[in-house]
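Asks: I am attaching a structure below and will ask some questions about it afterwards.
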Amino acid sequence: MTKATTFRKALLRLCEGALLLAWCGSALAEGRLFDSRQITPSGEYTFGIEGPAVDAAGALFVVNFGKPGTIGRLAPGAPQSELFTALPEGSVGNAIRFDRAGTMFIADYKKHTIFALASGATAPTPLFASERFSQPNDLTVAADGTLYASDPNWKGRSGQVWRITRGPDGRVSGEVMTAPRAMGTTNGIDLSPDGRTLYVGESGTGQIWAYGVNGNALVDARLVTTFAPDTIDGLRTDAAGRLLVARILKGAIAIVMPDGKLVREVALQGKEPTNLAFGGADGRTVFVTQRKGGYIESFRTDREGREHCLLAGRCQ
């Protein structure tokens, strides 16, 4: 009998006391890997629930809390979210990310703007905007603070990727990255742990592509894997380099090796996951936004998330 099994049986005996039922349910769930459960009430967020991101203090932030254009905050261990802030009138967020300095970035797909909130601030300010955006969708942040944004054209079933940087003089600039192939509807996006590879999911085709990053150029395009068309949304990488992919309409998170090998699919409570983020004290809790029902669920995994490791200062 393993130590884990012995601990679990002891905990079950302890939990026979009804007064400890709530605590025990939480503790048992924490001990099981890849066992997802709903952690916030249904209906907290709109159908546009998206863009989960965890800050260095462990709080989870998600767009469209209660109504479009808002951002909700779920404190560590809290049973429900609360309103954190709202974007300017007419703006609607789709993605949130944090950099090492604690700055929050929000992609506003309605007004074609990337907003920033410095650590401790609550009022978003425009960082970069362009009419060349179709609708900025998802974001990822490199160790040096460079932002990469997916930018799909849903009607045209095409897309592109932006690179947004801040120069020595503090001026922010953004460019569409050149690519060695015509892209489909670019959606989920994240970097490898060493920052040299950018993964881009294309929702229309169900394909995930890997690109080398060379300044403003995407190079050496490589097809990682293909799912059924229109069944992938957000994706994130873990510190081991694996990709976790939200299988929208399939009710699962796929865990995929960089070479495309499917490690497992984590069954979810809801059937329409839009995106995911790593958090928890050790970075091995995965939070998933569920479009149908407007709630968040979570499960434990066996590897820390890349961004969690980056924010903690342990990774490149």
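Asks: What ranking do 196-203, 221-228, 33-40 get when scored by the average of other Cβ atoms within 10 Å per residue, highest first?
Replies: 196-203, 33-40, 221-228
Asks: Then there's this: List residues of region 169-191, by number, whose backbone nitrogen lies under 14 Å from a label position 7 Å along Cα→C-beta of A217.
Replies: Of the residues in region 169-191, 177-181 have backbone N under 14 Å from the label point off A217.
Asks: Okay, helix-only estimate at 222 nm for the chain: each DSSP H run of n ≥ 4 adds -39500 (n - 2.57), divide by all residues, round to 500 deg cm²/dmol; what do you get?
Replies: -2500 deg cm²/dmol
Asks: Continuing with the same structure: Please pull out the direction-averaged projected area of the chain, using the convex hull of its alpha-carbon atoms, in nm² to one decimal place.
Replies: That works out to 16.5 nm², a quarter of the Cα hull's surface.
Asks: Then there is this: Give me the 1.4 Å probe accessible area per residue for region 231-316, excluding ligands and nucleic acids, in Å².
Replies: 34 Å²
Asks: For V224, what residues show an amide H to amide H distance below 5 Å, using hydrogens built from the backbone and excluding near sequence neighbours?
Replies: I208, W209, A210
Asks: Short version: ³J(HN,Hα) in whole Hz for each residue of region 171-183, in order, from phi by Karplus 6.51 cos²θ - 1.76 cosθ + 1.60 (θ = phi - 60°), x for Gly and Pro, what are they?
Replies: For region 171-183, the Karplus-derived couplings read 6, 9, 9, x, 9, 6, 6, 6, 9, x, 8, 6, 8 Hz, x marking Gly and Pro.
Asks: At a 1.4 Å probe, what is the % contribution of carbon and sulfur to the accessible area of the chain?
Replies: Carbon with sulfur: 52 percent of the solvent-accessible area.
Asks: Any idea how many Lys pairs in the chain come in under 20 angstrom at the alpha carbon, given 8 or more places apart or on separate chains?
Replies: 9
Asks: List, in order, the whole-Hz ³J(HN,Hα) value for each residue of region 275-287 obtained from phi through the Karplus relation with A = 6.51, B = -1.76, C = 1.60 and θ = phi - 60°; use x for Gly and Pro.
Replies: 6, 8, 8, 8, x, x, 4, 10, x, 10, 9, 9, 9
Asks: Using the charge dipole of the chain (Lys, Arg: +1 at Cβ; Asp, Glu: -1 at Cβ; taken about the Cα centre), state which of I39, G215, G156 has its Cα farthest towards the positive end.
Replies: Of I39, G215, G156, it is I39.
Asks: Looking at region 198-316, I'd like the Rg to Rh ratio, where Rg is from alpha-carbon atoms and Rh is Kirkwood's inverse mean 1/r.
Replies: 0.97
Asks: When the Cα atoms of region 54-189 are enclosed in a convex hull and the volume is divided per residue, what value in Å³ results?
Replies: Dividing the Cα hull volume of region 54-189 by its residues yields 123 Å³.
The values are calculated or read from the model by the stated rules, or taken from the named source; none is laboratory data. None of the values given here were measured: they were computed from a predicted structure. So basically every Cβ, Gly included, is an ideal-geometry build from the backbone, and we count neighbours across all protein chains shown. Just so you know, the surface numbers come from the protein's heavy atoms only, side chains and all, with ligands and any DNA or RNA stripped out. Shrake-Rupley method; radii C 1.70, N 1.55, O 1.52, S 1.80 Å.
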